[in-house]
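Undergrad: Got a structure for you, written out below as structure tokens; questions coming shortly.
The values are calculated or read from the model by the stated rules, or taken from the named source; none is laboratory data. In this text the structure is predicted, and so the values were computed from the model without any measurement. Ideal geometry is used to build each Cβ from the backbone, glycine not excepted, and the neighbour counts take in all protein chains shown.
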Amino acid sequence: MRGTLHDCQILVIGSGPGGATTAALLAEAGHDVLMVEEGGHFVHDSAPAYSMAEMDQKYRNGGLTPAFGQTKVTYVEGRCVGGGSEINAALAHPPMASTLEDWRQRFRIDQFGLEPLGSHFEAVERECSVASMPGGLDPASMVIKQGADQLGWASSEVQRFWQYPSDGAGKGLRQSMTVTLVPRLLAAGGRLLPLTSVHKLRFRGGRAVEASATTRHADGRRERVRIRFDKVFVCGGPTQSPLVLRRSGIRGKVGDGLRLHPMVRVAARFDREVNDPAAGVPVQQVVEFKPDLTLGCSHAALPHLVMWLGGEVEDREAKLEAWPKIALFYVLVTGKGKGKVRNIPGFDESFTSYPCGDDDLASLGQGLHRLGTMLFQAGAVELFNPLPGRPSITRPDQLEQLRTGLPHGQLTISTIHLFGTCPMGEDRSRCVVDSWGKLHGAANIWVNDASILPDCTGVNPQLTLMAVARRNVAHWLDG
Ligand SMILES: Cc1cc2nc3c(=O)[nH]c(=O)nc-3n(C[C@H](O)[C@H](O)[C@H](O)COP(=O)(O)OP(=O)(O)OC[C@H]3O[C@@H](n4cnc5c(N)ncnc54)[C@H](O)[C@@H]3O)c2cc1C
């Protein structure tokens, strides 16, 4: 087979939080590492945050990919050096001890839990500058705090992967992978090959020995590439890692256990200004019902807001005039369904399905009712109905329509948190990789990204997956 040939000791496929952590730590330990990334390598401010240009540059499929089912769930993923860490809200939420303990028992994960992982959480928090927002809460976060306080529900600020300026001037800088782990990889002598997508692994004598890939050049030319390696870490993220494995002939349960956090957004108008475009991402969440339910607020730039105001386009433009008094909130639940990721022969993209069933809709309905109750407590005067074609909700008693019997196929449900397509653990009847990320039955293949988290985290997952990735590399280096 022809094509440009690269050689390395360790190939890391994908450069998101899982891949960049893996590659940097292995390179710093003296290994010869090549990290390949399907997307481009951009500086953090290569496009305005949340702009169309950013979506073109850094998002897979421009930001929206459907997971099919009775009720469709669209999911968002990064596709650039740094993966999701370049486009996300950078909320760094520690997992609940009970979630990790539940995974340890159900999937039989060795040496697992909040305590064994403690030093890795501390290292990630230190190395990626996890910090609280200086100067107090933004106005939308204050809405959450006030409403929750009045109802006696616990809420708290979620810290972020963020370096805030010490003098309080400016917004500071998201500590994404291109700012943290990727420079460390390069400083340690590791190599990065962007715009290069690995198609599949090839085998000789029971070992994976080579990856076939394609590099896209700036002039549109596509070049076939071969990468020879001794060991490989697949870190393409929860929908792409299973695709690489399945295209390589590794099937079994690979891609079978897709779990996710279904999410519904609601715009709400208040009697006062609640939307401060200079404030950045709101950080307050209701923690009272975690891990089953999270209530929070989203970035609400005008192009985002307009999507959630309902009604005809002209109607929305009129509503937008009140934008300083409108903010965007969300309900996020731990999905009960188990989806699948499959490759379609002849196509690069995945076919993803997720059964968003009655129980997910019931959880979302319960969550929407709670969210509405809290927003009215905090002074909301109008909730733009998340059910299309229905009038706005202007009184708490009208929230009942959301609590029960949400119809299938009508709500706009999305997700930004996916897991479980290559679950970790010693229970081979349900796990694709072992307790440390090594593919069951393989000699030299590891998976080390969000796809190995075996179930919903119930919290923002990046901190958990980076601590787990770090732990797995430390174990690998010890072994
Ligand atoms: C909009 C958004 C907001 C979010 N907000 C938060 C938040 O505030 N806090 C939080 O904790 N989490 C958040 N998340 C989730 C978090 O970003 C993800 O859980 C995390 O990025 C997953 O990391 P990963 O390494 O598993 O995969 P990814 O981040 O998806 O990275 C995988 C990388 O591998 C590349 N790749 C895939 N296949 C191949 C291939 N075949 N060859 C080469 N390269 C390949 C991809 O292009 C991608 O860049 C958010 C996600 C999104 C999309």
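Undergrad: From the residues in segment 101-120 that are without any contact (Cβ under 8 Å) to a residue 40 or more places away in the chain and at negative phi, which one is farthest from the ligand (Cβ to nearest atom)?
TA: Filtering first and then ranking leaves Q105.
Undergrad: Give the residue, chosen from R470, R430, that is at pLDDT 95 or above and either touching a Phe, Trp or Tyr at 6+ places or on another chain (Cβ under 8 Å) or closer than 22 Å to D292 by Cβ (or both). Working first, answer last.
TA: Numbers: R470 fails: either touching a Phe, Trp or Tyr at 6+ places or on another chain (Cβ under 8 Å) or closer than 22 Å to D292 by Cβ (or both).
Criteria check complete, one pass: R430.
Undergrad: Of the residues in segment 124-155, how many are crowded, with 17+ Cβ neighbours inside 10 Å and over 28 Å from W323 (Cβ atoms)?
TA: Result for segment 124-155: 6.
Undergrad: If G189 passes every condition in (1) touching an Asp or Glu at 6+ places or on another chain (Cβ under 7 Å); (2) in contact (Cβ under 8 Å) with a residue 24 or more places away in the chain but one, which one does it miss?
TA: The failed condition is (1).
Undergrad: Consider only pairs whose beta carbons are under 8 Å apart and that are at least six residues apart or on different chains; among these, list those whose first residue lies in segment 455-473 and is part of a helix (DSSP H, G or I) and whose second residue is charged (D, E, K, R) and near the ligand (Cβ under 8 Å from one of its atoms).
TA: These pairs meet every condition: L465/D449; A469/D449.
Undergrad: While we're looking at this one, here's another question. Take the conditions surrounded by fewer than 20 Cβ atoms within 10 Å (Cβ to Cβ), assigned to a helix (DSSP H, G or I) and at pLDDT 95 or above and apply them to L186. Does it pass?
TA: Details: surrounded by fewer than 20 Cβ atoms within 10 Å (Cβ to Cβ): yes; assigned to a helix (DSSP H, G or I): yes; at pLDDT 95 or above: yes.
Yes, satisfied.
Undergrad: Hey, another quick one. Any residue in segment 37-54 that's outside the structural domain of G18 (by TED's automatic domain parsing) and modelled with pLDDT under 85: show its pairings with residues that are surrounded by 14 or more Cβ atoms within 10 Å (Cβ to Cβ) and in a loop (DSSP other than H, G, I, E, B) at Cβ separation under 6 Å, as long as the two are six or more apart or on different chains.
TA: Y50/A301
Undergrad: Look through G39, G30 and report the one residue that is assigned to a loop (DSSP other than H, G, I, E, B), more than 18 Å from A208 (Cα to Cα) and in contact with a Pro (Cβ under 8 Å, 6 or more places away or on another chain). Explain how you work it out, then say what you get.
TA: Numbers: G30 fails: in contact with a Pro (Cβ under 8 Å, 6 or more places away or on another chain).
Answer to the selection: G39.
Undergrad: If A53 passes every condition in (1) more than 15 Å from the ligand (Cβ to nearest atom); (2) surrounded by fewer than 20 Cβ atoms within 10 Å (Cβ to Cβ); (3) in a loop (DSSP other than H, G, I, E, B) but one, which one does it miss?
TA: (3)
Undergrad: Give just the number: which of (1) modelled with pLDDT under 95; (2) closer than 15 Å to S156 by Cα does E288 not satisfy?
TA: Tallying (1) modelled with pLDDT under 95; (2) closer than 15 Å to S156 by Cα, E288 fails exactly one: (1).
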